[in-house]
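The values are calculated or read from the model by the stated rules, or taken from the named source; none is laboratory data. All of these numbers come straight from a predicted model, not from anything done at the bench. Every residue, glycine among them, receives a Cβ derived from its backbone with ideal geometry; neighbour counts consider all protein chains shown. When the accessible area is computed, the model is the full protein with side chains, heavy atoms only, and any ligands, DNA or RNA have been set aside. Shrake-Rupley method; radii C 1.70, N 1.55, O 1.52, S 1.80 Å.
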Amino acid sequence: MSIKKIKKSREFNYIYNSSKKVYTKYAIIFMSESRKGQRFGFVASKKTGNAVQRNRIKRLFREFAQQNSQKMNKDYDYVFVGKAILKDNIRKMSYKDIERDMMKVIRQ
């Protein structure tokens, strides 16, 4: 199952400024009501690590979104922002770590 992605900078900025923030161990999740249905954005800044590490964390977030999108509110946009804390631990991290961390938020 494919997910819709947020791609435009102005859409990201709108979500950052008009959304609810939830902090987890590995990410900050921005959730904003959407008129376009459920969409996802994935961000990892240079503070998160080098290109390989940033791409890995975004892949893990994408995998989580694909596996669990049906459990999330269909009328919201979600932006997952990787935390800088991941820099040292990213190679050791698994999808299960991300899923365990994020499911606490999804259930709320």
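For Phe64, all conditions in the list (1) within 18 Å of Ile3 (Cα to Cα); (2) open to solvent by less than 10 Å² (accessible area, probe 1.4 Å); (3) touching a strand residue (DSSP E or B) at 6+ places or on another chain (Cβ under 6 Å) hold save one; what is the number of the exception?
The single condition Phe64 does not satisfy is (3).
Go through the residues of the range 44-56 one by one and say whether even a single one is surrounded by 12 or more Cβ atoms within 10 Å (Cβ to Cβ), closer than 19 Å to Arg107 by Cα and β-branched (Val, Ile, Thr).
no
Output the residue which, of all residues in the range 1-25 that are touching a residue at least 24 places away in the same chain (Cβ under 8 Å) and part of a helix (DSSP H, G or I), is most open to solvent (accessible area, probe 1.4 Å).
For the range 1-25, the residue satisfying everything is Tyr16.
Take the residues in the range 26-43 that are in contact with a Lys or Arg (Cβ under 8 Å, 6 or more places away or on another chain) and basic (Lys, Arg); name whichever of them is surrounded by the fewest Cβ atoms within 10 Å (Cβ to Cβ).
Looking at residues that are in contact with a Lys or Arg (Cβ under 8 Å, 6 or more places away or on another chain) and basic (Lys, Arg), I get Lys36.
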